[in-house]
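Below: the structure, in structure tokens.
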Amino acid sequence: MSVTQDSKKDKIGRRDFLRVSAKALAGAVGGGAVFAESVAQNEHTDGTKASTSFPTEDYDWTEHRWAYGIDATRCIGCLRCVEACKTENGVKKDAHHFRTWVERYVYVEGEERARVDSHHDPQNIAASGSEGEYRFDNRYKDEKVTKAFFVPKMCNQCQHPSCVQVCPVGATFRTEDGVVLIDKEYCIGCEYCVQACPYGARFFDEETRTSDKCTWCYHRITKGLLPACVEVCPVEARIFGDLNDPSSPVSKFIHENRVHVLKPETGNAPTCFYVGLDKEVS
Amino acid sequence: MPAHIFRLLLLLATFLILAVLARNYVLDPSYYQFGDYRGDAVVEMAANPAPSFRGPDYCQACHSQRHAQWTAGAHQGVKCEVCHGAAREHPVDGTMPKPADTIKLCTVCHEAMPGRPAAQPQIVIEEHPVPHDGPIQCLTCHNPHSPKLGGPEGPVAPVVETPATAVTVAPVLMSPRLVSLTTPCTPCHGADGRNAAMSAALAGSDRALLVRKLQEYRSGALEHAVMNAVTKSLSDDDIADLAEHYASLPGG
């Protein structure tokens, strides 16, 4: 490199080169300033998040802080939530694409670990009759069961979501009211988020070539309705509401119970709160 | 400035301007509106799709009779759409499918299964104390909107919703003995004996015919799983009183 090896003999030194380059760059940016105006306005140079109120008339997302409660001691494993979610959100009606699911944990006498199954287990599909219907078969009715319970699961709408962290295109994000959403227009289908989620809450939709997951029925909660799974739960095992409202069902649920979150060690800080988890549930 | 440096700078500047132009052209205007994502995406997801599940209030607007029965019964926590499916735009966009196989539907929640909380009413299907030889639909005895037999409402026949113009039947005053006698009959035949939707309409039938039929069910000469069981313990007097009662009711 002649510039570094013999700067004195060159007509232009390294410092001069850098100085001229910097000026040229500044000029070029100045030229492009007209086009870059809109970008510059929204750039967060001070490190804070731009937060304007939600741009619809009837809903202000800064007023809400949604949260979800799951009482596993009430769940009867009827899977109406799984079916309702698919109907409401147009999720493919097969056993392997789902936004929410229910796990059955069964401790059979003499065994140390729980046996776990969910609606997509082949025996359960056979019991329901088709992949578009959902039910648990009664395979343990003649076994000696020491303990058994159901655990509904879904996206935990984390406060520090790993899926958002890894998205390379800004297609997934957390809203001001506390829901992690996927922008299907920006998603490039790299599935990095599917890998990153510690809860396995995301799946890949082969038809749209995008990732998909629970939105807490964002189209319903912003209209004052409950998520479809909460709406159909016959035993109130699923609870939903606004943490900003101390009298909401979910606030009461959290205040009146000792609640847990799944995998707290990940630091994801879920906003799905559980009652009745057991040592093997994660 | 040497020519090769100038050309280098020119190239740099061109790239920079192209990059800024491209970014400006490709980037959605609503990007960065709220954060590092497309602001319009939130608005779109809040707007669509239209909710499919409408809630019991939506159903009540037309089905007030059933709604009232349901809110008084043991199924009050189980909303309409749990069993009937999403209402969507019903009735504008079509009729609601009636749950056909109630054995399958009801046992989704009520089949005895390890893992279900003790508070959940559960049955062992094979041992369920229903008088039958083979499987019969749960609806034969249970009113899905108020399923408890002998509950606060008593056994309630499924409501057959009648047009507003239909003639209303004056309530018949019954002796306590007759009330207890007719208790097993009403879930299927209706309190007014006119429920032909589920079974035979009894109101206004010939008294002698009713007596003969009941006797034949009792002896087993006529075979019917439910009728054989409910007539088994009837005396001749009971049969005569029942026949008299249903024969005296105004027919449909």
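Laboratory data are not the source of any read-out in this text; all were calculated from the coordinates shown. Remember, predicted model here, so these are calculated numbers, not experimental data. Cβ placement follows ideal geometry from the backbone for every residue including glycine, while neighbour counts extend to all protein chains displayed.
Give me a comma-separated list of calculated 3J(HN,Hα) values for the range B:108-116, in order, Karplus coefficients 6.51, -1.76, 1.60 applied at θ = phi - 60°, integers in Hz, x for any Gly or Pro.
Going residue by residue, I get 4, 9, 10, 6, 4, 8, x, x, 7 Hz, with x marking Gly and Pro.
Determine how many Å³ per residue the convex hull of the Cα atoms of the range A:57-282 encloses. Walk me through the intermediate numbers first.
Details: hull volume 29.7 nm³, N = 226.
In the range A:57-282, the Cα hull volume divided by residue count equals 131 Å³.
Full-extension gain between A:Thr73 and A:Lys279, please, as 0.36 nm times their residue separation minus the C-alpha to C-alpha distance.
Fully extending the segment from A:Thr73 to A:Lys279 adds 72.7 nm.
How would you rank A:Glu103, A:Glu112, A:Glu63, B:Glu111, going from fewest to most other Cβ atoms within 10 Å of each one's own Cβ?
Working: A:Glu103 18, A:Glu112 6, A:Glu63 13, B:Glu111 23.
So the ranking, lowest neighbour count to highest, is A:Glu112, A:Glu63, A:Glu103, B:Glu111.
I need B:Glu127, A:Glu176 ordered by Cβ neighbour count within 10 Å, fewest first.
Working: B:Glu127 8, A:Glu176 19.
Ordered from fewest to most neighbouring Cβ atoms within 10 Å, B:Glu127, A:Glu176 come out as B:Glu127, A:Glu176.
Regarding the range A:167-231, what are the three Cα extents along the principal axes, ordered largest first, in Å?
33, 24, 21
Classify the range B:173-252 as rounded, prolate or oblate from the Cα gyration tensor: take a ≥ b ≥ c as the square roots of its eigenvalues, call it rounded if a/c is under 1.5, otherwise prolate when a/b beats b/c and oblate if not. The partial results should precede the final answer.
Details: a/c = 1.41, a/b = 1.22, b/c = 1.16.
Rounded shape, in that the Cα axes give a/c under 1.5.
Near the amide H of B:Asn143, under 5 Å away, which other amide H atoms are found, from residues 5 or more places off or on another chain, if H is placed in the peptide plane?
Result for B:Asn143 returns B:Val156.
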